[in-house]
Amino acid sequence: MATAGKVIKCKAAVAWEAGKPLSMEEVEVAPPQAMEVRVKILYTALCHTDVYFWEAKGQTPVFPRILGHEAGGIVESVGEGVTELVPGDHVLPVFTGECKECAHCMSEESNLCDLLRINVDRGVMIGDGQSRFTIDGKPIFHFVGTSTFSEYTVIHVGCLAKIDPEAPLDKVCLLSCGISTGLGATLNVAKPKKGMTVAIFGLGAVGLAAMEGARMSGGSRIIGVDLNPAKHEQAKKFGCTDFVNPKDHTKPVQEVRLFMTYVHKKLVSNEMLTVQIYTPQVIVEMTDGGVDRAVECTGNADAMISAFECVHDG
């Protein structure tokens, strides 16, 4: 393309400070370096993870920054060493990339690449430690190696997936995060067998994708759990057979006794603590002792406990 090797000026939504409204700015996007690809972003979605790091309430604040990671685009140009992609290819960014060479990439058990695993604190490219975004010479930081809230972005080739050009980018951009996360959690980690019962906690994009994975696996009963009753109708399209709203069920599943031992140079004391874990006991009762698999899709600690408690013994 005519822009290959040149700086491109384009529009981007820049987060200058934590929690402050994004500002539309003209940014300069440098050409891709070795093993990098410059992508024209046509569609980008908003994920709650973007909001979480924009708020920066519990993480290292990295600003100014261009957020965004769930998108679809077309390759504009490639850097030295890139052979998998050429200009014109349709691609999806993937924030947990693959170098295809490390032990994790070679394993069927993990995709936590030694080189390209997600790093939320790194605001620069991994090759030279520099940003490809600037405004009047001032660097603007990247986000999880993707930064899709820009008309053009630069991404490591290992963090891009080539897709069929017939696939509608405005829809498949969700595969960059939410859909693949939920579907993969069910199919590749939980691995329910045909006829099993599955509970899905949280029915957002990730939860619905997880539910689709349970449906594809042949789940006999797929129980959706969400605080919003309006989610039930949508969930039915993804295989939901039962719906539980935790607000409607406040009785504890059981009392958990924890044996606490405090050690300081020598055994000091033993203490029995009783903790009540509140979760929808109805799931345990309706499935005759608990579900075969539970997939938690909210990131909420209470939901994680509830999901664990709803799985049957063993």
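Tabulated values for the structure
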{"item": "Near pairs, Cβ below 7 angstrom, 6+ apart or cross-chain, from segment 232-249 (in the same structural domain as GLY219 (by the TED database)) to any residue that is among the acidic types (Asp, Glu) and modelled with pLDDT of 95 or more", "result": "PHE238/GLU212; GLY239/GLU212"}
{"item": "Selected residue (criterion: most open to solvent (accessible area, probe 1.4 Å)) from residues of segment 29-55 that are closer than 22 Å to GLY129 by Cα and in a loop (DSSP other than H, G, I, E, B)", "result": "GLN33"}
{"item": "Some residue of segment 83-91 being more than 15 Å from SER147 (Cα to Cα), of a type in the set (A, V, I, L, M, F, W, C) and in the same structural domain as LYS138 (by the TED database)", "result": "yes"}
{"item": "Condition met for ASN111 (surrounded by fewer than 14 Cβ atoms within 10 Å (Cβ to Cβ) and closer than 24 Å to LEU174 by Cα)", "result": "no"}
{"item": "Residues of segment 14-28 satisfying the condition of being outside any loop (DSSP other than H, G, I, E, B) and open to solvent by 20 Å² or more (accessible area, probe 1.4 Å)", "result": "SER23, MET24, GLU25, GLU26, GLU28"}
{"item": "Hits in segment 182-206 - residues which are buried (at least 22 other Cβ atoms within 10 Å of the Cβ) and within 21 Å of SER110 (Cα to Cα)", "result": "GLY182, THR186, PRO192, VAL206"}
{"item": "Strands (runs of 3 or more DSSP E) wholly inside segment 84-183 containing at least 2 residues that are β-branched (Val, Ile, Thr)", "result": "133-135, 152-156"}
{"item": "Hits in segment 2-12 - residues which are open to solvent by 20 Å² or more (accessible area, probe 1.4 Å) and closer than 16 Å to GLU151 by Cα", "result": "THR3, ALA4, LYS6, VAL7, LYS9, LYS11"}
{"item": "All positions within segment 185-213 that are in a loop (DSSP other than H, G, I, E, B), under 16 Å from the mean Cα position of the chain (by Cα) and among the small types (Gly, Ala, Ser)", "result": "GLY202, GLY204"}
{"item": "Only one of GLY314, GLY289, GLY219, GLY299 that is modelled with pLDDT of 90 or more, in a loop (DSSP other than H, G, I, E, B), out of contact with any helix residue (DSSP H, G or I) (no Cβ under 6 Å at 6 or more places or on another chain) and surrounded by fewer than 19 Cβ atoms within 10 Å (Cβ to Cβ)", "result": "GLY289"}
{"item": "Residues satisfying the stated conditions in segment 57-83, i.e. of a type in the set (S, T, N, Q), open to solvent by 10 Å² or more (accessible area, probe 1.4 Å) and either more than 23 Å from ALA13 (Cβ to Cβ) or assigned to a strand (DSSP E or B) (or both)", "result": "THR83"}
{"item": "Meets criteria (modelled with pLDDT under 50, assigned by the TED database to the domain that holds ALA185 and surrounded by 12 or more Cβ atoms within 10 Å (Cβ to Cβ)) for TYR262", "result": "no"}
{"item": "Test result for THR3, in contact (Cβ under 8 Å) with a residue 24 or more places away in the chain and outside the structural domain of GLY88 (by the TED database)", "result": "yes"}
{"item": "Condition check for VAL94: in contact with a helix residue (DSSP H, G or I) (Cβ under 8 Å, 6 or more places away or on another chain), in the same structural domain as GLU166 (by the TED database) and under 21 Å from GLU151 (Cβ atoms)", "result": "yes"}
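Residue by residue, here is whether (1) farther than 13 Å from THR146 by Cα; (2) in the same structural domain as GLY127 (by the TED database); (3) in contact (Cβ under 8 Å) with a residue 40 or more places away in the chain; (4) of a type outside the set (A, V, I, L, M, F, W, C) holds:
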{"site": "ALA18", "(1), (2), (3), (4)": "yes, yes, yes, no"}
{"site": "ALA45", "(1), (2), (3), (4)": "no, yes, yes, no"}
{"site": "PHE63", "(1), (2), (3), (4)": "yes, yes, yes, no"}
{"site": "GLU70", "(1), (2), (3), (4)": "no, yes, yes, yes"}
{"site": "GLY73", "(1), (2), (3), (4)": "no, yes, yes, yes"}
{"site": "SER77", "(1), (2), (3), (4)": "yes, yes, yes, yes"}
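The values are calculated or read from the model by the stated rules, or taken from the named source; none is laboratory data. Keep in mind the model is a prediction, meaning the values are calculated, not measured. All Cβ positions, glycine included, derive from the backbone under ideal geometry; neighbour counts span all protein chains shown. Surface areas here come from the heavy atoms of the whole protein model, side chains and all, with no ligands, DNA or RNA. Shrake-Rupley method; radii C 1.70, N 1.55, O 1.52, S 1.80 Å.
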